[in-house]
Amino acid sequence: MSRRLRRKGLQSRDNEKGLAIYQAVPCCSDGVSEVYEVVNFPPSVAAMNADPDIQPRKRAAATCHGSVTSSSGLGSVSSQAVPVDWTSLPDDTVIQIFSRLNYRDRASLASTCRAWRIIGCLPFLWQALDLRAHRCDAATALSLASRCSTNLRSLHFRGSEAAASVMNLQARGLREISGDFCRDITDAILSVMAARHELLESLQIGPDPCEKISSDAIRAIALCCPKLRCLRLSGVHQVDEEALNALGRHCKSLEEVAFMDCGNINEAALGSLASMRFLSVAGTKNMSWAAASLTWSNQLCNLVGLDVSRTDISPTAMSRLLTSSKSLKVLCTLNCPFIDEEGSNGTSVLTSTKGKVLLNFSSDIFKGVAALLHDAPAAEASAIKDFRNVFREWRTWKHKNGGGKYVEEVMNWLEWILSHTLLRIAETNPPRMDEFWLRQGSSLLLSLVKSSQEDVQERAATGLATFVVIDDENATVDPARAEAVMRDGGIPLLLDLARSFREGIQSEAAKAIANLSVNTKVAKTVADEGGIGILSDLARSMNRLVAEEAAGGLWNLSVGEEHKGAIAEAGGIKALVDLIFKWPSGIDGVLERAAGALANLAADDKCSMEVAMAGGVHALVMLARTCKVEGVQEQAARALANLAAHGDSNSNNAAVGQETGALEALVQLTCSQNEGVRQEAAGALWNLSFDDRNREAIAAAGGVEALVALAQSCSNASQGLQERAAGALWGLSVSEANSIAIGREGGVAPLIALACSDAEDVHETAAGALWNLAFNPGNARRIVEEGGVPALVHLCSSSGSKMARFMAALALAYMFDGRMDGVALVGPSSSEGTAKSISLDGAKRMAMKHIEAFVLSFSDPQVFSMAALSSAPASLVHIAESARIQEAGNLRCSGAEIGRFVLMLRNSSSVLRVCAAFALLQFTIPGGRHAMHHAGLLQKARATRVLRAAAAAATSPMEAKIFARIVLRNLEQHHQLETSI
């Protein structure tokens with residue numbers, strides 16, 4: 001038996017907001033796009049990174065071939081051979097290459113020859129170290145100590161483990177320390193960090209809240225770091241008077257302080273920081289603003305910039321700060337509820353005063369920044385001609401003329417606090433923000449992306465990735481916000497940043513591109529601007545964060561059919577498969593994104609073959625077998641389902657089944673606690689069951705028991721899971737042995753329940769499974785006893801799906817064609833194990849009535865009467881087209897089934913004779929996928945004589961005669977076609 005409904009490849013998007021050296025790095029270019037650095041890469045370096053085997057290992061000439069041919073500006077290998085002698089590169093070119101590598105790749109390159117080892121140890125190359133993309137434990141830090149102990153000045157790390165390991169670098173000359181996502185950092189770690197780095201000038205820990213940090217650590221910082229100029233901490237529970245007074249006494253050069261999202265700050269004690277010029281308390285709670293405004297106005301005589309965004313400051317306190325503080329130039333009050341409420345009422349207190357700028361949602365922030373520059377030297381102020389381009393034009397003027405130190409400090413601080421605040425607002429997604437984002441928020445983020453400050457660039461790019469997502473749970477992107485970024489030129493800008501040599505900005509730019517690409521218009525622009533090639537190259541990065549976000553971008557771009565071919569042409573499929581082998585365990589994000597993108601791509605026939613050729617079958621089965629992360633399991637199973645969905649056009653279905661452990665893993669995943677995993681695993685088994693060997697192997701792996709249990713447990717599950725559970729049982733029931741096993745395991749009752757579903761996809765699939773099961777007389781008896789007749793009768797008469805009605809009618813025909821009569825039930829048919837009393841006669845009458853009604857719904861008495869009197873083929877063609885159920889052409893029957901319908905043509909029941917002729921008509925209509933196969937089976941069964949008899953029988957219903965004539969005509973057409981071939 002065989003019932004084949006090919007499931008379409010399912011596709012989905014991924015919009016997680018938080019998500020390797022880049023495959024091309026600049027070696028000697030000083031090119032600048034506007035003022036922020038984005039360097040395009042020369043062919044020699046692109047080729048070097050693309051093929052590790054051509055890198056010099058000895059001081060002998062090495063030759064490679066490469067040229068820049070990619071439209072995206074990335075290096076790629078072309079057919080034009082250009083010999084490159086790596087040993088002839090000037091030292092300054094090699095130094096430029098080294099300066100743009102992360103520490104691991106720098107060390108690898110230095111190990112290739114003695115000369116490059118000397119260059120790789122140059123002190124200035126080790127003045128700054130970014131460890132965010134790599135695990136930094138004590139052993140790693142100790143291995144770097146020899147290079148960093150005397151030279152390191154700036155350090156950037158991620159996580160509390162890295163924070164605890166910083167001391168092992170033995171870099172007592174550190175001036176700047178910045179730590180991201182250090183939620184578990186403690187007082188002890190921070191205190192030791194301060195004690196070991198007495199020359200520290202800047203300390204930044206955030207943006208995640210440092211809830212385990214207290215005032216004790218701040219006092220330790222004050223005592224140990226007298227040269228401190230900048231202190232930025234997030235989420236500290238309490239900052240008390242003693243800690244602030246210690247900072248005031250010991251850190252005489254402290255100019256910038258940021259205590260953001262803190263629980264409690266002694267606002268009066270902040271007045272003791274007399275040297276402070278810039279202060280941010282954004283997001284801080286429990287402050288007395290009346291006392292703060294009075295104290296700060298009187299005691300902070302050097303205060304130039306103040307950020308109180310996301311606080312409950314009152315309009316009165318804000319006005320006092322603006323009017324009473326003589327030194328204050330900038331006051332930022334973004335997303336302050338009381339200020340916003342006043343602004344919506346048009347209150348005049350919210351306007352900027354002379355020489356001072358107030359930034360809030362009611363004001364034009366670009367215009368406010370431009371007004372700030374009116375106090376700058378005339379030449380600098382006159383350079384700002386367009387408010388919307390105020391940041392860009394100021395940077396351009398500064399780049400050409402050097403700029404004033406005062407204005408530069410103010411602008412740098414403004415960029416920093418705006419990027420931080422906009423990101424925090426985007427993360428919380430407060431209501432009624434559409435107007436702000438569309439009017440100026442999007443443009444602000446794009447302006448900040450061009451900053452010369454790396455952390456501002458990265459935070460603004462993250463903001464772009466975040467503010468467009470309005471529902472993280474359902475991965476919903478606001479189309480107006482995404483298209484606003486596109487209209488403002490954000491896509492080319494982000495793609496340029498993705499080509500930067502800095503891995504941090506690569507990662508955040510790729511994340512923004514990924515989220516924006518959920519919008520189909522933006523996705524088209526990304527593709528048109530060469531974004532697919534850029535993301536495919538980034539997916540090859542050795543930096544996990546970069547590769548992860550690039551894979552996410554390819555996942556979203558692979559939705560639909562428009563960009564799949566371009567991804568394959570750009571080498572994206574191979575890059576995605578390689579990601580799975582590169583990080584096979586413990587890296588959830590990159591694996592889920594890679595598997596999700598491959599799942600989408602595998603829905604396309606050609607891409608499906610490329611996935612298999614790239615080793616994707618083995619990679620995805622490996623994930624299904626070994627990975628314990630549910631998101632990865634779900635996407636791996638979905639990818640395998642889509643790979644197996646092309647059985648008629650390629651060999652992937654068989655290849656998946658033959659991969660060691662594949663079927664066992666998928667059977668096991670149907671028992672997962674996660675509904676999405678169960679659904680995709682069942683879908684994969686459904687598709688795989690179309691292959692004869694796979695079908696039997698699934699059963700041998702315990703698939704029958706697992707899928708029956710799944711069907712029994714999914715009565716309240718999603719429609720997708722219900723459909724796939726029924727579909728997998730349908731596929732397995734093609735085998736007579738499996739069909740009997742499904743009945744014995746209790747599979748009949750849950751399939752009847754699913755046949756009662758209101759969802760067409762569910763009850764249609766369940767009807768197909770019951771049709772297969774009903775072929776066996778024992779199962780037919782079970783269906784009757786379990787109450788299946790009323791369910792099938794309801795489908796036959798009421799379903800909106802012609803296919804569901806058709807298969808329900810055929811199941812009923814099997815059940816009452818006489819084979820079930822007198823069959824003893826084998827095994828329990830209910831939980832109590834006792835046979836139920838039934839009335840077969842009543843059930844048969846009900847079934848026959850609705851079978852007849854279903855078939856007659858495809859007949860027109862007048863047309864049939866005319867056809868009965870005419871021998872013209874045209875009348876039969878018209879009836880055949882009217883009676884045709886298009887989807888039935890996808891069904892494939894076995895010889896035994898065709899033989900049963902032929903035998904049914906001789907049944908004493910006129911209803912069954914009509915039903916059998918109608919079924920054979922559907923299976924043999926020219927153009928059906930398996931029509932030729934069915935015609936061949938009928939020829940082998942010598943059914944022509946039976947069909948002629950049915951067409952001529954005086955006692956046969958008119959419909960049976962007409963349908964039989966049409967089947968004969970179909971067979972003649974197939975014979976003519978076969979002869980011509």
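The table that follows gives values for the structure above.
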| item | result |
| --- | --- |
| So LEU101, is it of a type in the set (A, V, I, L, M, F, W, C), in the same structural domain as GLU176 (by TED's automatic domain parsing) and under 25 Å from LEU545 (Cα atoms) | no |
| Tally, over the range 522-546, of residues that are assigned to a helix (DSSP H, G or I) and either acidic (Asp, Glu) or at pLDDT 95 or above (or both) | 15 |
| From GLY179, GLY173, residue being more than 39 Å from the chain's Cα centre (by Cα) and within 27 Å of ALA220 (Cβ to Cβ) | GLY173 |
| The range 216-231, subset crowded, with 21+ Cβ neighbours inside 10 Å and under 29 Å from LEU422 (Cβ atoms), residue nearest to the chain's Cα centre (by Cα) | LEU231 |
| Among (1) within 26 Å of ILE95 (Cα to Cα); (2) in a helix (DSSP H, G or I); (3) more than 37 Å from the chain's Cα centre (by Cα) - the single one SER191 does not satisfy | (1) |
| When residues of the range 628-651 are limited to those that are out of contact with any Cys (no Cβ under 7 Å at 6 or more places or on another chain) and polar (S, T, N, Q), the one nearest to ASN890 (Cα to Cα) | SER649 |
| Hits in the range 565-598 (condition: crowded, with 24+ Cβ neighbours inside 10 Å and charged (D, E, K, R)) | GLU592, ARG593 |
| Close pairs (6 angstrom Cβ cut-off, 6 or more residues apart or separate chains): at negative phi and outside any helix (DSSP H, G or I) in the range 564-584, of a type outside the set (Asp, Glu) and modelled with pLDDT under 95 anywhere | TRP583/VAL590 |
| Failed criterion for ALA603 (all others in (1) surrounded by 24 or more Cβ atoms within 10 Å (Cβ to Cβ); (2) touching a Ser or Thr at 6+ places or on another chain (Cβ under 7 Å) hold) | (2) |
| Checking ALA949 against (1) over 19 Å from SER910 (Cα atoms); (2) of a type outside the set (S, T, N, Q); (3) surrounded by fewer than 19 Cβ atoms within 10 Å (Cβ to Cβ), the condition it does not meet | (1) |
| Failed item, numbered, when LEU328 is tested on (1) under 27 Å from ALA246 (Cβ atoms); (2) under 40 Å from the mean Cα position of the chain (by Cα); (3) crowded, with 20+ Cβ neighbours inside 10 Å | (2) |
| So CYS336, is it hydrophobic (A, V, I, L, M, F, W, C) and under 17 Å from ASN360 (Cα atoms) | yes |
| Filtered residues of the range 146-174 (kept if farther than 14 Å from PRO123 by Cβ and surrounded by fewer than 19 Cβ atoms within 10 Å (Cβ to Cβ)) | GLU161, MET167, GLN170, ARG172 |
| Cross-chain or 6+ apart pairs with Cβ under 9 Å, the range 505-528 first and under 13 Å from TRP555 (Cα atoms), then among the basic types (Lys, Arg) and surrounded by 24 or more Cβ atoms within 10 Å (Cβ to Cβ) | ALA514/ARG593 |
| Residue within the range 138-150 that is closer than 28 Å to ILE95 by Cβ, in contact with a Gly (Cβ under 7 Å, 6 or more places away or on another chain) and at pLDDT below 90 present | yes |
| Qualifying residue in the range 659-669 (condition: in a helix (DSSP H, G or I), β-branched (Val, Ile, Thr) and at pLDDT below 95) | no |
| Identity of the residue in the range 552-593, of a type in the set (Val, Ile, Thr) and in contact with a Lys or Arg (Cβ under 8 Å, 6 or more places away or on another chain), that ends up farthest from VAL611 (Cα to Cα) | ILE587 |
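For every residue, the table says whether it meets (1) modelled with pLDDT under 90; (2) of a type in the set (Asp, Glu); (3) more than 47 Å from the chain's Cα centre (by Cα); (4) in a loop (DSSP other than H, G, I, E, B).
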| position | (1), (2), (3), (4) |
| --- | --- |
| VAL914 | no, no, yes, no |
| LEU921 | no, no, no, no |
| GLY927 | no, no, no, yes |
| HIS934 | no, no, no, no |
| ARG945 | no, no, yes, no |
| ALA954 | yes, no, yes, yes |
| ASN970 | no, no, yes, no |
| GLN976 | yes, no, yes, no |
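The values are calculated or read from the model by the stated rules, or taken from the named source; none is laboratory data. Everything numeric in this text was worked out from a predicted model, so none of it was measured. A quick note on method: Cβ atoms are made from the backbone with ideal geometry, for glycine too, and the neighbour counts reach across all protein chains shown.
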